[in-house]
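Student: Below is a structure I'd like to ask you about.
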Amino acid sequence: MCHRKRSGYRPPDLINAKIYTGPIPGERGAELAMGGGRSETSALSGAGGGRGTTSTQNSQRPNACCFCWCCCCSCSCLTVRNEEERRRRSRRKRISQDTKMETIPNCEACTKPSVEEIRLWSQSFDKLMRNPAGRNVFREFLRTEYSEENMLFWLACEDLKQEINKSAVEEKARSIYEDYISILSPKEVSLDARVREVINRKMQDPTPHAFEDAQLQIYTLMHRDSYPRFLSSNIYKSLIHGGSRTSSES
């Protein structure tokens, strides 16, 4: 009787995100265009289950054809990214139930927005993000969805761009990496592997624009994923209705 050796499929290490711990060797590569979605691949559980049978599973990779975030893109990258965001929010919700609708710490100083300003926020995401009051309100909404780290990362990148002192740039860049890029951080933002690779190269000698690609990717994610829900939220509707009543009374 011929005995066939049962073989099992040992999945490769599919999580290739790198954690910055110091200088990284290698030439500084060309800047990559902003990636489509963060490629996520499901790891397989191991080899062979039942008696006398050989069980082999194949991991399925999402469509990786999209390397842009233009409006004409119709592949599955955005779907993958949105699904990942939903999982992140669900995990943070379990950890942070008591944070819902709390007063936002360290919000930006701003004047009370007019009714016209509030209405302009619905015209474009750019108008919302250019307005400090708009950013505060949108951040409050993100907080209820447990994705506030997207706005915090974007604001940290904007702050880094204003820094001119080299030692301060290095310190802030390292802090941003540890808070929002490292896979060990509870506030890790959703970035694709290509952008992470660019960041790791730039961390060898960080500049004020070290996270530019990542910032644009998160900006686009907030625009596509969170902004439509914000416009339909009670937070925004209450501002519109409250402002309208105030203007009519005066």
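The values are calculated or read from the model by the stated rules, or taken from the named source; none is laboratory data. Just so it is clear, the structure is predicted and the values come from calculations on it, not from any experiment. These accessible areas exclude ligands, DNA and RNA; they are computed on the full protein's heavy atoms, side chains included. Shrake-Rupley method; radii C 1.70, N 1.55, O 1.52, S 1.80 Å.
Student: Among the listed pairs Lys112/Lys172; Lys112/Lys166; Lys127/Lys161; Lys172/Lys237; Lys127/Lys202; Lys161/Lys237, give every one whose C-alpha distance is greater than 28 Å. Intermediate values should be presented prior to the final figure.
Tutor: Values: Lys112/Lys172 30 Å; Lys112/Lys166 36 Å; Lys127/Lys161 20 Å; Lys172/Lys237 36 Å; Lys127/Lys202 30 Å; Lys161/Lys237 33 Å.
Table pairs above 28 Å Cα-Cα are Lys112/Lys172; Lys112/Lys166; Lys172/Lys237; Lys127/Lys202; Lys161/Lys237.
Student: At 1.4 Å probe size, with no ligands or nucleic acids counted, give the accessible surface of Ser175 in Å², nearest ten.
Tutor: 50 Å²
Student: Let me cross-check Ile218: its accessible surface, 1.4 Å probe, with only protein heavy atoms counted, in Å² to the nearest 10?
Tutor: 0 Å²
Student: Extension gain Leu216-Arg130, at 0.36 nm per residue separation less the Cα-Cα distance, in nm? Don't skip to the end; give the middle numbers.
Tutor: Details: separation 86, 0.36 × 86 = 30.96 nm, distance 1.44 nm.
Additional length available on full extension: 29.5 nm.
Student: Full extension from Thr111 to Lys161: what is 0.36 nm times the residue separation minus their Cα-Cα distance, to one decimal in nm?
Tutor: Details: separation 50, 0.36 × 50 = 18.00 nm, distance 2.38 nm.
Extending this stretch completely gives an extra 15.6 nm.
Student: Also: Quick one: give the max-minus-min coordinate of the C-alpha atoms of the range 111-190 along each principal axis, largest first, in Å.
Tutor: 42, 30, 19
Student: Between rounded, prolate and oblate, where does the range 118-250 land on the alpha carbon gyration tensor, with a ≥ b ≥ c its root eigenvalues, rounded for a/c under 1.5, else prolate if a/b exceeds b/c? Walk me through the numbers before you get to the answer.
Tutor: Numbers: a/c = 2.81, a/b = 2.12, b/c = 1.33.
The shape class here is prolate.
Student: Moving on to the next point. Compute, for Leu221, the solvent-accessible surface of its heavy atoms (probe 1.4 Å) with the complete set of protein chains present, and express it in square angstrom to the nearest 10.
Tutor: We get 0 Å² for Leu221.
Student: Another question about this same structure. Largest first, what is the accessible-area ranking of Thr207, Thr220 with a 1.4 Å probe? Intermediate values should be presented prior to the final figure.
Tutor: Working: Thr207 60, Thr220 20 Å².
So the residues, ranked largest to smallest area, are Thr207, Thr220.
Student: While we're looking at this one, here's another question. What list of ³J(HN,Hα) values in whole Hz, one per residue of the range 191-199 in order, does the Karplus curve 6.51 cos²θ - 1.76 cosθ + 1.60 (θ = phi - 60°) give from phi, with Gly and Pro shown as x?
Tutor: 10, 7, 5, 5, 5, 4, 5, 4, 4
Student: If you stretched the chain out fully between Asp205 and Ser232, how much longer would it get, using 0.36 nm times the residue separation minus the C-alpha to C-alpha distance?
Tutor: 5.4 nm
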